[in-house]
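Asks: First the structure, then my questions, so here it is.
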Amino acid sequence: MRTSSLVVEPSPGASQLRDRPGLAAALDMVRAELADRLPQPPGRPAPPAPALRLRRAAGGRLGLFDDRGRAVRGKLPRASPSPAAAGPLYAIGDVHGRYDLLASLLPMLANDAEGGGRRPTVVFLGDYIDRAGDPAAVLEALCWLKEWGGVHLHLLKGNHEQALLRFLDSPEEGAVWCGFGGAETLRAYGVEPPEQGEPPSAWTAARDLLLRRLPAAHLRLLQDLDLMVVIGGYAFVHAGVAPGAPLARQDEADLLWIRDEFLEARRLFERTIVHGHSWVDDLPVLSAGRIGLDTGAYATGVLTAARLGAGRIEVLQAKDPGRPAWPRTRRSPAADRVIARPADYAVPMEPLRIDEPVSGPALWRPSERDALATPRFETVEWS
């Protein structure tokens, strides 16, 4: 099965959300549209892949816990592939309000996973709201997916979700939040953001109105988001991880906000890091140490997902045909398929730069560094 990078028509319902009177009616339309687009889940669900989640233990300290609530101490154990009984594993990059692209991408994943008889695991990498589109519709879609039962769902927190939650607790931070995209989320719930320079009481009033308009299911979803999920040889986070710190001892601020220190790191991690948050153009970043799936959907009109495992990485994209092509700063074409040997987690690799032209297969050669638990990618095929 080859990678799909398809131009798809945006969801027709998405552009009409603002035209329907009332938020409740708009959200009902989201549910009806997804129910029409996605097939009924199979009657016999497959067990989910074993996962570790980063959460706060007693006393407030972050730690990694397995599905039975047992804490992971120190470095993670040697990675192993997901059980054969588990379905395919997908990750989806930053949505940022582009419900139209999400509603088009989800059926692509469903069709891609169809035929195996096993429900897929889908990890969303955070930043569902702000900047563009219809953030309320995106959150409603995630609530529907949790109820639908057709996937094993993991939802990560992004820095934009953190900013919204901070605004609810401290409305005086509203001006900062709206400075990097929060105004679109407020308007999606029928709240007009105060003008810059208005007194704190205006932001308190906006917060209070948002609390009245925000569905309880949306608030609960935002409060229950994970900071990290580890499945097989992959660790899923929003922004990245602090180099040199074990995955079980990462700081929430780094997981949600880190950028250059992580992106420029030359050492490998305990797992291959799958993240969003940082984007360059409409192409994902595929390297030995990290996989970056944020392709700036709010600006480029391209929402990216990846299928991880089964011996390879495959990229699927939903593209807005009404958005002009985004200028690329990298000369190489989008990765068509990455062949990997996920059972081999012992040989570190030098990252393959995808900002350089590649003709034909490119080999990733082992480095001389100490072995870490990261998948051994052998061949990259380019379209």
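Asks: Residue check, ASP294 against (1) at pLDDT 95 or above; (2) touching a Leu at 6+ places or on another chain (Cβ under 7 Å), all met but one. Which one?
Replies: The failed condition is (2).
Asks: So which residues in region 292-313 are surrounded by 23 or more Cβ atoms within 10 Å (Cβ to Cβ) and within 15 Å of the chain's Cα centre (by Cα), if there are any at all?
Replies: Within region 292-313, GLY292, LEU293, ASP294, THR295, ALA297, VAL302, LEU303, THR304, ALA305, ALA306, LEU308 qualify.
Asks: So, of the residues in region 191-222 that are touching a residue at least 60 places away in the same chain (Cβ under 8 Å) and assigned to a helix (DSSP H, G or I), which turns out to be farthest from PHE124 (Cα to Cα)?
Replies: So the residue we want is ARG213.
Asks: Also: Search region 274-290 for residues being more than 19 Å from GLY97 (Cβ to Cβ) and modelled with pLDDT of 95 or more, and hand back the single one that is surrounded by the fewest Cβ atoms within 10 Å (Cβ to Cβ).
Replies: Looking at the filtered set, the residue picked out is VAL274.
Asks: Starting from region 161-172, take each residue that is under 21 Å from GLY276 (Cα atoms) and list its partners that are surrounded by 15 or more Cβ atoms within 10 Å (Cβ to Cβ) and among the basic types (Lys, Arg), counting only C-beta distances under 6 angstrom and pairs at least six apart or across chains.
Replies: Every condition considered, no pair remains.
Asks: Still on this structure, I have one more. Could you give every pair whose Cβ atoms fall below 6 Å, whose first residue belongs to region 14-36 and is outside the structural domain of VAL95 (by TED's automatic domain parsing), and whose second residue is modelled with pLDDT of 95 or more and surrounded by fewer than 14 Cβ atoms within 10 Å (Cβ to Cβ), counting only separations of at least 6 or pairs across chains?
Replies: Pairs found: none.
Asks: Hey, another quick one. For region 191-208, which positions are exposed (fewer than 12 other Cβ atoms within 10 Å of the Cβ) and farther than 11 Å from PRO171 by Cβ?
Replies: GLU192, GLU195, GLN196, GLY197, PRO199
Asks: Determine whether region 279-292 contains at least one residue that is of a type outside the set (D, E, K, R), outside any loop (DSSP other than H, G, I, E, B), in contact with a His (Cβ under 7 Å, 6 or more places away or on another chain) and under 26 Å from GLY232 (Cβ atoms).
Replies: yes
Asks: Run down LEU165, LEU106 and say which single residue is more than 19 Å from GLU252 (Cα to Cα) and assigned to a helix (DSSP H, G or I).
Replies: Going through LEU165, LEU106 in turn, the sole match is LEU106.
Asks: Output the number of the condition that ALA132 fails; it satisfies all remaining conditions of (1) under 29 Å from ALA35 (Cα atoms); (2) outside the structural domain of ALA24 (by TED's automatic domain parsing); (3) modelled with pLDDT under 95.
Replies: (2)
Asks: Starting from residues that are of a type in the set (Val, Ile, Thr) and in a strand (DSSP E or B), keep the ones in region 293-315 and report whichever is farthest from LEU89 (Cα to Cα).
Replies: Among them, the one singled out is VAL302.
The values are calculated or read from the model by the stated rules, or taken from the named source; none is laboratory data. As the structure is a computational prediction, the values presented were derived from the model and not from experiment. Please note: Cβ atoms are built from the backbone with ideal geometry, for glycine as well, and neighbour counts cover all protein chains shown.
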